[in-house]
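Written below as structure tokens is the structure these notes are about.
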Amino acid sequence: MSRPARRHAHPTDPVRVTAAMIPASQALERLREGNRRFVSDVRGRAALVTQTRRSELAEGQEPFAIILGCSDSRVPAEIVFDQGLGDLFVIRVAGNIVASSQIGSVEFAAERFGTPLVVVLGHSRCGAVLATLEELMRPREKQSRNLRSIVDRIRPSVEGLLATELRNDSEALVRHAVRANIRASANQVRHGSEVLEELIQKGRVLVVGAEYSLETGCVDFFDGVPEAG
């Protein structure tokens, strides 16, 4: 059976901007624009999957951003940022924690594809953060060692909050804990390897922390974002 002829790009197809063509600041703006479309229920054409795009990606990829996010089913990065195939290099793990395998994945994309932006994406009401707070306040005798490994990664960033007045306000405690965990994870990415530290020092990689709101759909980039101007 003969193969169907490859469809050439239509003049109105979206123009793809590869990682090598843009700085981190522009990559960040693309994510912001995509999130605004998502919140407004407007889907961009770049997110549409076409045979042409699949064929292009069979030859290679050049994602413009790396997203290290939580595994929560309500926070799929490609949808939240209204991006398509080949646009994002996504690493997902409960609680957006950072261990050697996550650092290695970030290194791989940053070095291999020249991806300039890393976003550590947490979200409101994160279950892993909640589980960590519960464990700190009411320790359980028996817990899966695998689940405990996640709790132990989050613990250092949030346990200090329990010594403050936030302990008496559960909602505020969770809000602050989510952001503290995001900041800690972003900092671990920045200083987790000599490779990434060198890329950051040379201005080739920017690492920022962000929080997705389950309630509004908005992403707030709040950690490590360069000041405008």
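For the stretch 41-133, the equivalent ellipsoid derived from the Cα gyration tensor has semi-axes of 25, 18, 9 Å, listed largest first. For the listed peptides 30-37, 100-107, 52-59, a ranking on the average number of other beta carbons within 10 Å per residue, highest first, reads 30-37, 100-107, 52-59.
Taking other C-beta atoms within 10 Å as the exposure proxy, Val225, Val129 rank Val225, Val129 from fewest upward. Note: the stretch 124-229, Cα convex hull, 138 Å³ per residue. What is the distance in Å between the Cα centroid of the stretch 153-199 and that of the stretch 21-40? Between the Cα centre of the stretch 153-199 and that of the stretch 21-40, the gap is 25 Å. For the stretch 70-85 versus the stretch 209-229, the inter-centroid distance based on Cα atoms is 15 Å.
Assigning unit charges at the beta carbon (Lys, Arg +1; Asp, Glu -1) and nothing else, what dipole magnitude in debye, to the nearest 20, does the chain show about its Cα centre? Let's see the in-between values first.
On the way: 30 positive and 29 negative charges, 139 e Å.
So the magnitude is around 660 debye.
Taking other C-beta atoms within 10 Å as the exposure proxy, Leu88, Leu173 rank Leu173, Leu88 from fewest upward. The sum of -39500 (n - 2.57) across all DSSP H runs of n ≥ 4, divided by the residue count of the chain, sets its helix-only mean residue ellipticity at 222 nm to -13000 deg cm²/dmol. Among 137-144, 78-85, sorting by the average number of other beta carbon atoms lying within 10 angstrom of each residue, highest first, gives 78-85, 137-144. Shown here for the stretch 174-224: trypsin sites (Lys or Arg not before Pro) in loop regions (DSSP other than H, G, I, E, B) with at most 11 other Cβ atoms within 10 Å, namely Lys202.
Hey, if you drop one equal point scatterer on each alpha-carbon of the stretch 20-223 and run the Debye formula without solvent, what base-10 log of I(q)/I(0) do you get at q = 0.11, 0.12 Å⁻¹? Here the Debye-derived log intensity ratios amount to -0.53, -0.62.
When Ser185, Ser157, Ser73 are sorted by how many other C-beta atoms sit within 10 angstrom of their C-beta, beginning with the fewest, the order is Ser73, Ser157, Ser185.
Read-outs throughout are calculated quantities, based only on the coordinates presented, and are distinct from any laboratory measurement. Predicted model, so just to flag it, every value in this text is computed and none were measured. Counting neighbours? That spans all protein chains shown, and the Cβs are built from the backbone with ideal geometry, glycine included.
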